[in-house]
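Visitor: Before we start, here is the structure in question, set down as structure tokens.
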Amino acid sequence: MSIGWNREEMAARAAQDIPDGSYVNLGIGIPELVAKFVPEGREFIYHTENGMLGMGPPPAEEERDLDLMNAGKKYVSAVPGAAYFHHADSFSMIRGGHIDVCVLGTMQVAANGDIANWSTGEPGAIPAVGGAMDLVQGVKNIYVITQHTTKTGEPKLVERCSYPLTGPGVVSRIYTNLAVVDVTPQGFQVVELAPGVTFEEVERQTGAAISPPDS
Amino acid sequence: MIDKRYPSVTAAVASIQDGATVMIGGFGASGSPVELIHALIDHGASDLTVVNNNTGNGEVGLAALIRNGQVRKMICSFPRSSQSKVFPELYREGRIELELVPQGTLAERIRAAGAGIPAFYTPTTVGTILAEGKELRTFDGRTYVMEPWLRADFALVKCELSDPVGNLTYNKTARNFSPLMCMAATTTIVQARKVVPAGGIDPEHVITPGIFVDRVVEVTDPVHEDVLIAAGRSYP
């Protein structure tokens, strides 16, 4: 039985930290759920790296346009005020520091902010990177949403990533099922614990030194 | 009056030679020039280097070109997906080469070629295995990796509207890499859903100016890769 926040609650918690008017890029998986939990009174503009600002929710099947997809190759809609553009413009928005927040899933994140979310490096695996390396180097704030451990209980918050890096020292905040964790110059620090979760539980499931919340 | 129209997709791809580098527009199924790719399969040119974000889906379009043994090397950012089986099999058997390029770097390398810029510096891949062996340089205290331009002999592109001089518009996110590829190829071949007379596209609305386009074929009712895959089709 899992404890702490579920997937929706993790996404909702992350949404709380995104300021009104932000340009936001959401990764595939739990990060996509952030769009369902925009806090009252705020508006986010979603960027999808295949070439659109103002991405809206999935359309009803009869309203689908087969030429309107997101970066996860799912059909989406366009909100009023949306814009289309080619890939070089889209990645100029990313590399040029114009996107405010990117929320990503991960395989590992390290106490120094390194992230590894594109390859396990296993021989025989087909390497596929997409836009992940561009996003982590270019977007102003890199947030990660992830389960605190793998399905087999291995820590995903680690001292040093053992998988190939997507980018070094880029992650600022992590939302897990157990806690909100900041990456500080001194390493991991818990900002907030999920209801019913103790700091000792977080510490036990973390593969690196981690500091308790400031009291 | 300049007229870049070709009578058929067959005629438009006939000069693609063995060993050519071919850029193919599209991001997944959206914007994929399926009719031009199928014409290239019929044409049979082999030993190709293909530039695309992905490696095709199912057994139509780009995946069918690869399955037909015409592609020696893929240059792409994301060579697998839930519906891509052809490339992964050949890759594991060592029968096709892969140059993996991050998506933004891929776009910028293509754009740079079209703009006559032989290389540029980007922070993307710094500190990762994809930067190994590449030139690093520091600007204002931050480290960047040098990436070269990426040129091609041909580009195959799908657009929405064209006029006879090759001014183009696109449909929604089907635009993706296509305007960049039009700039970067020696010969750009376009399939347009509709060819309108000169003046039929407001000059303010032109996305790809005709200077970047060489051949235009009207394909009035283009098939969509997702529709072919859902129907279980393969090509040929």
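Every read-out reported here was derived from the displayed coordinates using simple, explicitly stated rules and does not represent laboratory data. All values derive from a computational prediction rather than experimental measurement. Cβ: placed from backbone, ideal geometry, glycine included. Neighbour counts: every protein chain shown.
Visitor: Do any trypsin sites (Lys or Arg not before Pro) in the stretch A:104-208 lie in a loop, going by DSSP, with at most 11 other beta-carbon atoms within 10 Å of their beta carbon, and if so which? Each step should come with its number before you reach the end.
Guide: On the way: sites: A:Lys140, A:Lys151, A:Lys156, A:Arg160, A:Arg173, A:Arg204; in loops: A:Lys140, A:Lys151, A:Lys156, A:Arg160.
In loop regions of the stretch A:104-208 (DSSP not H, G, I, E or B), the sparsely surrounded trypsin sites (Lys or Arg not before Pro) are A:Lys151.
Visitor: Another question, then. Name the most mobile residue of A:Tyr143, A:Tyr175, A:Tyr84, meaning the one with the largest mean-square fluctuation, in a Gaussian network model of chain A with Cα contacts below 10 Å.
Guide: Checking each option, the largest mean-square fluctuation is seen for A:Tyr84.
Visitor: I'd like the GluC sites (Glu not before Pro) in the stretch B:33-100 restricted to DSSP loop residues with at most 11 other Cβ atoms within 10 Å, sorted by number.
Guide: Answer by residue number: B:Glu93.
Visitor: Another question about this same structure. Check each of the GluC sites (Glu not before Pro) in the stretch B:119-218 and keep only those in coil by DSSP with at most 14 other C-beta atoms within 10 angstrom; list them in order.
Guide: Answer in residue order: B:Glu132, B:Glu135.
Visitor: OK, next. Across all directions of projection, what mean area in square nanometres is found for the Cα convex hull of the protein assembly as shown?
Guide: Taking a quarter of the hull surface, the average projection is 23.2 nm².
Visitor: Turning to a different aspect of this structure: At a Cα cut-off below 26 Å, give the lysines reachable from B:Lys85, other chains included and same-chain residues fewer than 8 away excluded.
Guide: A:Lys73, A:Lys74, B:Lys73, B:Lys158
Visitor: Over chain A, what is the mean sequence separation of C-alpha contacts under 8 Å (at least six apart), divided by residue count, expressed as relative contact order in percent?
Guide: Value for chain A: 19 percent.
Visitor: Looking at chain B only, what percent of DSSP beta bridges run antiparallel? Nearest 5 please.
Guide: If I count the DSSP bridges inside chain B, around 30 percent turn out antiparallel.
Visitor: With both partners inside the protein assembly as shown, how many of the DSSP beta bridges are antiparallel, as a percent to the nearest 5?
Guide: DSSP beta bridges in the protein assembly as shown are roughly 40 percent antiparallel.
Visitor: Further, regarding this structure: Distance from a point 7 Å along Cα→Cβ of B:Ala11 to each backbone N in the stretch B:159-184: keep the residues under 11 Å and list them by number.
Guide: None, by backbone N distance to the label point.
Visitor: Mean shadow of chain A, computed from the convex hull of its alpha carbons, in nm²?
Guide: It is 13.4 nm².
Visitor: Same structure, new question: If N is the number of residues in chain B, what value comes out of its Cα radius of gyration divided by 2.2 N^0.38 Å?
Guide: Relative to the rule-of-thumb radius for its length, chain B sits at 1.01.
Visitor: Given contacts defined as C-alpha pairs under 8 Å and at least six residues apart, what's the relative contact order of the stretch B:29-80, whole-number percent?
Guide: Relative CO of the stretch B:29-80 lands at 43 percent.
Visitor: Over chain A, with a Gaussian network built from C-alpha contacts below 10 Å, which listed residue (A:Glu32, A:Glu122, A:Glu192) shows the highest mean-square fluctuation?
Guide: Maximum fluctuation in the GNM of chain A, among the listed residues, is at A:Glu122.
Visitor: Kindly provide the Kirkwood hydrodynamic radius of the stretch B:15-153 in Å, to one decimal, from all pairs of distinct alpha carbon atoms.
Guide: Taking every pair of different Cα atoms in the stretch B:15-153, averaging 1/r and inverting gives 15.8 Å.
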